[in-house]
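To start, the structure under review is shown below, and the notes come after it.
Since every read-out is calculated from the coordinates, none of them should be taken as a lab result. Everything quoted here is computed from the prediction, not taken from an experiment. Cβ placement follows ideal geometry from the backbone for every residue including glycine, while neighbour counts extend to all protein chains displayed.
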Amino acid sequence: MPPGAVDAHARVIGWPPRHPWMRDCASRPPPVSASDYLKRLDDVGTQYGALVQASGHGQHTPLMLDTLAPWGPAPAVRDAILTTHAQRLYGFR
């Protein structure tokens, strides 16, 4: 991968009961933890990643918040704004 490469559409996946699926969720992929995801970035030489909420988790965002927590209130993304409000994530470029 070139320096500064970005995985721009990644997800972390949790499982019930802590991370419930939406009732009408058609796809239930295997769990992918934050550490699993970071290992994959390292394995392929990707320097950055942008997380996307897994549609099967709907608006249940604790897994995303837990994943981003080690980087503080503003993850190390220069051209994005990320805020949290009432335990929901809002991000845009």
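Okay, residues lined up against (1) free of Cβ contacts under 8 Å to residues at least 60 places away in the same chain; (2) surrounded by 11 or more Cβ atoms within 10 Å (Cβ to Cβ); (3) within 10 Å of ALA54 (Cβ to Cβ); (4) out of contact with any helix residue (DSSP H, G or I) (no Cβ under 8 Å at 6 or more places or on another chain):
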{"residue": "TRP21", "(1), (2), (3), (4)": "yes, yes, yes, no"}
{"residue": "PRO30", "(1), (2), (3), (4)": "yes, no, no, yes"}
{"residue": "ALA34", "(1), (2), (3), (4)": "yes, yes, no, no"}
{"residue": "LEU38", "(1), (2), (3), (4)": "yes, yes, no, yes"}
{"residue": "ASP42", "(1), (2), (3), (4)": "yes, no, no, yes"}
Show the residue pairs meeting these rules: Cβ distance below 8 Å; 6+ apart or different chains; first residue within the range 54-66 and without any contact (Cβ under 8 Å) to a residue 60 or more places away in the chain; second residue surrounded by fewer than 15 Cβ atoms within 10 Å (Cβ to Cβ) and β-branched (Val, Ile, Thr). LEU65/THR84
